[in-house]
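Take a look at the structure set out below.
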Protein chains: 2
Amino acid sequence: MTIYDIARCCNVSIATVSRVLNGSSKVSNKTRDKVLAMMREQNYTPNAFARGLGLNSMKMIGILCTDVSDTFFAKAVSLVERDLRTRGFDVLLACTGNELEDKKKYLQLLLEKRVDAIILIGSPFSELEDHAYIEETAKQIPIIIINGLVDHQNIYCVLCDEKKAMLKSVELLHKQGYDKILYLYDALTFGGQQKLLGYKQGLKKYKLPEDSHLFYRISKTTEAAMQKTTELLQSGITFSAAIAAEDLLAVGIQKATIKAGLNIPVIGFNNSILAKCTTPELTSVDNRLDILCPTAVNKLIDILAGKKVPQKTIISPKIIERESFKLVHK
Amino acid sequence: MTIYDIARCCNVSIATVSRVLNGSSKVSNKTRDKVLAMMREQNYTPNAFARGLGLNSMKMIGILCTDVSDTFFAKAVSLVERDLRTRGFDVLLACTGNELEDKKKYLQLLLEKRVDAIILIGSPFSELEDHAYIEETAKQIPIIIINGLVDHQNIYCVLCDEKKAMLKSVELLHKQGYDKILYLYDALTFGGQQKLLGYKQGLKKYKLPEDSHLFYRISKTTEAAMQKTTELLQSGITFSAAIAAEDLLAVGIQKATIKAGLNIPVIGFNNSILAKCTTPELTSVDNRLDILCPTAVNKLIDILAGKKVPQKTIISPKIIERESFKLVHK
DNA sequence: GTGAAAGCGCTAACAT
DNA sequence: ATGTTAGCGCTTTCAC
């Protein structure tokens with residue numbers, strides 16, 4: 001069933017059918033109704049490929065993320081997808097994992113599908129070592145990075161000030177009298193570096209010593225965080241509070257300290273559902289996906305409409321205080 | 001840059017270029033090398049729309065799920081996406097929410113993009129009230145349902161026996177001497193009904209009374225589960241163990257019982273990351289997404305290859321016992 | 001092994 | 001307001 005069939009059945013030309021399809025005003029109501037009725041009757045669906053071929057767009061946006069099963073990325077994908085859909089775009093999703101070669105390959109695959117733009121989710125896509133492949137892609141279509149930063153023509157970034165978030169976290173703890181703060185993190189992506197920097201700046205600001213026995217890079221699992229925390233406690237290293245670069249890690253720290261009979265405040269990151277599953281519930285930094293995502297989509301729509309938009313937008317984080325923190329101070 | 005350009009540069013016809021593109025054997029090595037070199041030199045990328053128009057396929061699979069930010073659905077999408085990609089398919093993702101009208105609309109949207117097939121994730125897509133729209137779609141392209149059941153031509157289901165899972169859960173508790181088992185659930189989708197049925201069958205099998213004060217439908221949040229549990233305890237309703245239709249709910253039950261100073265075993269469902277965030281960690285039913293998803297993709301590939309495959313595949317669940325259960329019996 | 005040409009279903013410029 | 005026609009970039013049949 002094509003516009004030719006519809007046209008023939010209605011005794012009109014394909015141009016008229018096409019006009020009806022595209023809501024052109026240059027069609028008489030009578031004709032329009034006739035065509036519309038026939039389309040419905042014949043259960044006609046326009047061929048998106050043909051349309052895409054002519055317009056050089058299928059109104060699809062590519063989304064790249066390292067792993068949708070991660071709660072943070074999943075939430076971002078969810079928010080972005082919903083928003084894009086209301087704007088009439090479909091979403092082509094590609095999950096890359098952490099290998100650079102795969103990131104390159106999947107970006108290329110999206111490009112081959114002729115998406116209108118690409119949204120990169122998370123700082124794994126702005127590793128300092130190599131984002132040349134992203135810049136290369138940006139020569140062809142606009143790229144939006146959510147929570148990552150690559151300064152380049154046709155690349156637009158919407159991110160949360162994670163450095164500030166960490167500085168604020170240290171501040172929060174310091175003001176309550178905690179001065180030996182454990183910090184566990186998992187990655188040194190752009191965001192990971194910002195967080196670590198924020199932690200260190202926080203220490204410096206409040207004249208707390210930067211003790212290398214108090215910050216560690218571990219793998220991104222609750223188990224690793226538990227193990228590291230337990231190991232530290234057993235080796236006699238003490239701390240009065242803890243911050244983690246991920247809720248997942250914060251959970252592990254808390255589990256370990258509780259098991260050791262301690263009751264210390266733990267601050268997580270991402271304000272994910274995990275933070276509300278522990279007892280006591282975890283205080284956590286909310287990096288405002290609820291704002292980042294719509295902002296990114298808005299920006300994208302403007303870009304595609306040919307408008308000029310700022311290349312970088314920075315959002316302030318928000319610390320959500322929960323039991324893990326409050327209880328201690330009751 | 002099109003095959004015309006490449007053809008001209010190489011002094012060959014577009015047919016030859018096309019053959020090279022498609023790996024036809026009817027091209028001399030010399031010509032092939034020349035063309036390949038030119039493609040690389042010109043940084044040529046085939047136009048997927050034109051290709052799709054001719055072949056009536058862009059090698060895209062539509063995935064419909066109610067909500068990717070749900071950990072369970074996210075994991076399913078993640079597994080399916082990765083698997084499809086290795087088979088050379090791209091994934092068009094649509095999240096519908098729970099409204100029937102939206103489910104219909106988004107299914108239609110995927111259809112308009114001319115996907116090769118559609119995978120529905122989760123039992124929200126096999127509600128008994130209305131899956132006519134799915135059957136209608138199946139007239140056009142094959143549909144795979146992961147963890148849902150619609151018995152119809154061109155619809156293929158891969159699911160976990162959740163009824164059995166619940167029966168086994170009751171059994172597990174009963175064998176340890178627990179006979180007043182609270183059951184909280186959130187939805188009466190196909191899966192939700194199976195689980196409830198399994199719970200009741202379990203009770204019956206072990207001659208436990210089916211007490212309407214012990215099973216409730218609540219909304220799908222940890223808070224709701226906490227609140228309901230607390231409310232029950234306060235109103236004097238007692239139970240010696242609990243099962244939830246979702247880890248999210250199990251977490252809430254456990255938080256409430258711990259707060260009330262109780263130590264009762266709680267069994268969750270989905271074996272999600274949440275089950276490992278609580279202290280003690282939750283025993284949970286694993287409904288084998290790790291098996292369901294690859295099975296679904298395999299089946300899909302076979303269907304698209306014109307092979308005959310069984311319409312229904314059922315996988316056995318697995319109960320993962322953790323502290324919440326073991327501790328009590330130490 | 002290679003080329004010519006028809007066709008895939010649509011949009012849009014141009015003509016009426 | 002409606003029709004004619006030329007692309008869009010590829011695949012594929014049929015000749016050679």
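Where a number appears in this text, it was derived from the coordinates with a stated rule and is not lab data. Keep in mind it's a predicted model, so treat the numbers as computed, not measured. Here Cβ is always computed from backbone atoms with ideal geometry, including for glycine, and neighbour counts include all displayed protein chains.
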Pseudo-label separations to other copies for B:Ile14 - Cα-to-Cβ vector, 7 Å, nm: 1.6
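As an exercise, use a Förster radius of 51 Å and the Cβ-Cβ distance of A:Thr313 and A:Thr2 to find the FRET efficiency, rounded to the nearest 0.05.
Values: r = 44 Å, r/R0 = 0.86.
So, using R0 = 51 Å, E works out to roughly 0.70.
Which pairs in the list A:Lys195/A:Lys307; B:Lys113/B:Lys163; A:Lys75/B:Lys164; A:Lys139/A:Lys312 are over 29 Å apart, alpha-carbon to alpha-carbon?
Beyond 29 Å: A:Lys195/A:Lys307; B:Lys113/B:Lys163; A:Lys75/B:Lys164.
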Whole-Hz couplings from phi, Karplus 6.51/-1.76/1.60, listed for region B:313-322; x for Gly and Pro: 10, 10, 10, 7, x, 9, 9, 9, 7, 10
Position B:Asn263, label points 7 Å along Cα→Cβ, spacing to each other copy in nm (shortest first, one decimal): 1.8
Expected 222 nm ellipticity per residue - DSSP helices of 4 or more, -39500 (n - 2.57), all of chain A, to 500: -14000 deg cm²/dmol
Under 17 Å from A:Lys59, Cα to Cα: aspartates and glutamates that are on another chain or at least 8 residues apart: A:Glu81, A:Asp83, A:Asp90, A:Glu112, A:Asp116, A:Asp302, B:Asp90, B:Glu112
Folded to 0 to 90 degrees: helix A:100-112 orientation relative to chain A principal axis, Cα: 20
Loop sites in region B:285-317: trypsin sites (Lys or Arg not before Pro), DSSP, at most 13 other Cβ within 10 Å: B:Lys307, B:Lys308
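Averaged across the residues of A:217-226, what count of C-beta atoms belonging to other chains lies within 10 Å of each residue's C-beta?
Neighbouring Cβ atoms belonging to other protein chains average 1 per residue here.
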Under 5 Å, built H, 5+ apart or other chain: amide partners of A:Tyr156: A:Ile143, A:Ile144, A:Ile145
Label distances, nm, A:Ala132 versus same residue in remaining copies, Cβ-directed 7 Å point: 6.0
³J(HN,Hα) computed for each position of region B:186-193 - Karplus, 6.51 cos²θ - 1.76 cosθ + 1.60, integer Hz, glycine/proline x: 10, 9, 10, 5, 3, x, x, 5
Residue among A:Glu246, A:Glu101, A:Glu223 with the largest mean-square fluctuation in a Gaussian network model of chain A, springs linking Cα atoms under 10 Å: A:Glu101
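Between B:Asn43 and B:Asn263, what length in nm is gained on full extension when 0.36 nm per residue of separation is reduced by their alpha carbon distance?
Values: separation 220, 0.36 × 220 = 79.20 nm, distance 6.53 nm.
Value of the extension gain: 72.7 nm.
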Nonlocal amide H pairs with B:Ala241, under 5 Å, H built at 1.01 Å: B:Lys180, B:Leu182
